[in-house]
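Trainee: One structure, pasted below without further comment.
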Amino acid sequence: MKAGSVRLGHFEIQTETAEDKTRALYTNGRHQCKLVVLIAKNVADESGNWQFAALTAAERNSLTVTQYATNPDAPLPTGWHCDTDKDKYDPGLWPPRGSETNSTTLSSSPAKPSIASGPLEMVERYMRVNAGQPIQSYRFMARIQIAGKVYTTNYTDDDASFNSWVEIQPERPYVLRVAQLVRYIDNRAFEDKARNIYIDVHYWTPPRGLQFIQNVGIANPLNIKDEGRFFNTSDFISVPNDKSGILVERDSLEERVFMADVQQGIYSGNGPDIEYRRCFKVMRALKLHGGVPSTPHRDTGHWSLLDNFGCEHKFRLKLGGTPSLELTD
């Protein structure tokens, strides 16, 4: 063989735990399932011996995951995606306490060691599936282009033979209920007795193992005159002049909150600082009493939040009696 000739000596796809099956993926369009591809590119030296060689940037970038088939150009199933980078959401599944479904794999078969005669290069890829897709199991293979030739992990020719896949059966996202949340209320987090204006702040904590990481907002918030710069109003009562709602784009602990962020027109400029970080929780809402111009209607649009597994949870937030905010499913 000619010096400089290239072949694949090893090409294998598996889960992060070295198995060929997993269900550790939620159909929410954000959650990812990590797959590992083990590969050995060999280049012939002057003596005709095969030597390990690292993938070029172009070769590494060409590596993707697609549906298992004999056709190397087989597309992914509808609604599926292969990402090169990990996103901000946690891998794996969230098992509620006492759940029977704690495993992330479809079978209890032990992890399989990779069989290779030399050094291997590892490439990571991340699978996602859109919300609303069927809960259906698919097999996937890896695909790469080396020296102008396309290889898959389901491939055989005179120089190479590979046959590995990963089967993914995604999970439907779980839905949190109000009864699963723990509430803390900071009454009179802000108070101006002279103007008869005060704010109560409510914080909610999800079950163990979960955390809310993004306040998406309230669907169809009320159109309040002089609305706060970062506020979504969920409900309003003209007597006694109360409004409820949330702050958006203020999920960070470093973000300060001023009255103008909640309601403009009460004070000049930013107005006073509001204590909104007594408990640092992304799931937090408030009731403002006083200083709100009348609005002709009430509504309670869904309040949406994303958790650390990318699952979206929706609640309704409205003014109540005791406590001052009512959260419902």
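Trainee: Residues of segment 233-253 being outside any loop (DSSP other than H, G, I, E, B) and among the hydrophobic types (A, V, I, L, M, F, W, C), which ones? Write out each step before concluding.
Mentor: So in segment 233-253, the residues outside any loop (DSSP other than H, G, I, E, B) come out as 233-237, 242-247.
Residues satisfying the conditions are Phe236, Ile237, Ile246, Leu247.
Trainee: If you don't mind, another one. Of all the residues that make up segment 19-74, how many are among the aromatic types (Phe, Trp, Tyr), within 26 Å of the chain's Cα centre (by Cα) and over 12 Å from Arg143 (Cα atoms)? Quick ask: steps written out before the conclusion?
Mentor: First, pick out the residues of segment 19-74 that are among the aromatic types (Phe, Trp, Tyr): 26, 50, 52, 68.
Restricting the remaining residues to those that are within 26 Å of the chain's Cα centre (by Cα) gives 26, 68.
Narrowing the set further to residues that are over 12 Å from Arg143 (Cα atoms) leaves 26.
Residues that pass the stated criteria total 1.
For (1) assigned by the TED database to the domain that holds Ala285; (2) crowded, with 21+ Cβ neighbours inside 10 Å; (3) aliphatic (A, V, I, L, M); (4) within 19 Å of Arg188 (Cβ to Cβ), each residue gets a yes or a no:
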residue: Leu222; (1), (2), (3), (4): yes, yes, yes, no
residue: Phe236; (1), (2), (3), (4): yes, yes, no, no
residue: Val239; (1), (2), (3), (4): yes, no, yes, no
residue: Asp251; (1), (2), (3), (4): yes, no, no, no
residue: Ile266; (1), (2), (3), (4): yes, no, yes, yes
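Trainee: Would you be able to tell me the number of residues in segment 3-49 that are in contact with a Cys (Cβ under 9 Å, 6 or more places away or on another chain), of a type in the set (A, V, I, L, M, F, W, C) and outside any strand (DSSP E or B)?
Mentor: Matching residues across segment 3-49 total 2.
Quick grid of which residues meet (1) open to solvent by 70 Å² or more (accessible area, probe 1.4 Å); (2) among the acidic types (Asp, Glu); (3) in a loop (DSSP other than H, G, I, E, B); (4) modelled with pLDDT of 90 or more:
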| position | (1), (2), (3), (4) |
| --- | --- |
| Glu255 | no, yes, yes, no |
| Gly269 | no, no, yes, yes |
| Arg278 | yes, no, yes, no |
| Lys287 | no, no, no, yes |
| Arg298 | yes, no, yes, no |
| Ser304 | no, no, no, yes |
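The values are calculated or read from the model by the stated rules, or taken from the named source; none is laboratory data. Predicted model, so just to flag it, every value in this text is computed and none were measured. In this analysis, Cβ positions are derived from the backbone assuming ideal geometry, glycine residues included, and neighbour counts consider all displayed protein chains. Ligands, DNA and RNA are stripped out before the accessible areas are found, and what is left, the full protein with its side chains, is counted by its heavy atoms. Shrake-Rupley method; radii C 1.70, N 1.55, O 1.52, S 1.80 Å.
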